[in-house]
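Input: one structure, supplied below.
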Amino acid sequence: MLDGCWFLKEKTPKWPHHPFCHCVLEDIQYNDVLTKCTSDSAYSKFDIYLFNIEGRYTDAKKKLFEDWGYTLDDGKWLQSEINKQGLEKYISGDYEIGCLDEYGQRISIRVEIPRKDHEGRVSFITGWMARPDGHIQLATPYGGK
């Protein structure tokens with residue numbers, strides 16, 4: 001699940017990865033990291049999951065974002081901002097390694113957004129999956145405080 005994934009040397013997942021491991025760690029040019037890393041997220045992580053428009057999930061996350069002044073109308077902006085900050089922080093190594101399982105390597109990235117209901121900012125953890133060639137994919141837009 002880690003084949004081709006990029007990590008800061010100090011934040012590499014536990015190694016060796018499995019019994020009789022012959023995996024190798026390779027250096028990557030920082031210019032490649034700066035120019036080739038990407039991030040993405042499905043909009044359904046915001047409308048269906050975060051704002052629960054289909055009623056499949058609890059309203060806890062929806063209420064939290066609404067308490068900060070955000071509504072479904074802000075979903076595209078939240079998606080764009082979380083992708084942008086996630087990528088910037090991944091490139092700079094500002095992430096924490098999480099669980100590794102059959103789905104891949106999870107990483108946590110703290111993002112910060114302005115409150116819309118009054119002055120101030122709020123920060124929270126977002127959950128991502130590390131993919132090959134410096135790509136990260138959003139797993140959850142809100143993973144905790």
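For a 27 Å ceiling on Cα separation, which of these pairs sit above it: Lys11/Lys62; Lys14/Lys145; Lys62/Lys89; Lys11/Lys116; Lys45/Lys84; Lys9/Lys63?
Working: Lys11/Lys62 32 Å; Lys14/Lys145 25 Å; Lys62/Lys89 25 Å; Lys11/Lys116 34 Å; Lys45/Lys84 15 Å; Lys9/Lys63 38 Å.
In this structure, Lys11/Lys62; Lys11/Lys116; Lys9/Lys63 exceed 27 Å between Cα atoms.
Would you pull out the residues with amide H under 5 Å of Arg110's amide H, same chain only if 5 or more places away, H placed 1.01 Å from N?
Close amide H contacts, sequence-distant or interchain: Thr126.
Okay, moving on. Would you kindly calculate the mean projected area, averaged across all directions, of the convex hull enclosing the Cα atoms of the stretch 38-145, in square nanometres? Working shown, then result.
Numbers: hull surface 27.3 nm².
Over all viewing directions, the stretch 38-145 projects a mean Cα-hull area of 6.8 nm².
Quick one: 3J(HN,Hα) in Hz for the stretch 122-130, Karplus 6.51/-1.76/1.60 with θ = phi - 60°, rounded, Gly and Pro as x.
Taking θ as phi minus 60°, the curve returns 10, 10, 7, 8, 10, x, 10, 10, 7 Hz for the stretch 122-130.
A further question follows. Hey, got the dipole for the stretch 42-145? About the Cα centre, +1 on K and R Cβ, -1 on D and E Cβ, debye to the nearest 20?
Working: 15 positive and 17 negative charges, 14 e Å.
It comes to approximately 60 debye.
Using only the alpha-carbon atoms, how far is helix 75-92 inclined from the longest principal axis of the chain? Give it as 0 to 90 degrees, nearest 10.
30
When the Cα atoms of the stretch 6-86 are enclosed in a convex hull and the volume is divided per residue, what value in Å³ results?
On the way: hull volume 13.0 nm³, N = 81.
In the stretch 6-86, the Cα hull volume divided by residue count equals 161 Å³.
Which three extents, in angstrom, do the Cα atoms of the stretch 1-50 have along their principal axes, listed largest first?
Principal extents (Cα only, largest first): 43, 31, 17 Å.
Where the only charges are on Cβ atoms (+1 Lys, Arg; -1 Asp, Glu), what is the dipole of the stretch 1-99 about its Cα centre, to the nearest 20 debye?
Working: 12 positive and 17 negative charges, 40 e Å.
Dipole size: approximately 180 debye.
Something else now. Rounded to the nearest 0.05, what FRET efficiency do Asp94 and Phe20 have when you use their Cβ-Cβ distance and R0 = 30 Å?
Working: r = 34 Å, r/R0 = 1.13.
For R0 = 30 Å, the calculated efficiency reads 0.35.
Report the paramagnetic label zone for Lys116: residues of the stretch 63-95 whose backbone N is under 11 Å from a point 7 Å from Cα along the Cα-to-Cβ axis.
Answer for this model: 65-79.
We did not get these values from a lab; they are worked out from the coordinates using the rules stated. The model shown is predicted, which means the values in this text are computed figures rather than measured ones. Cβ sites come from the backbone with ideal geometry, for glycine too, and all protein chains shown count toward neighbours.
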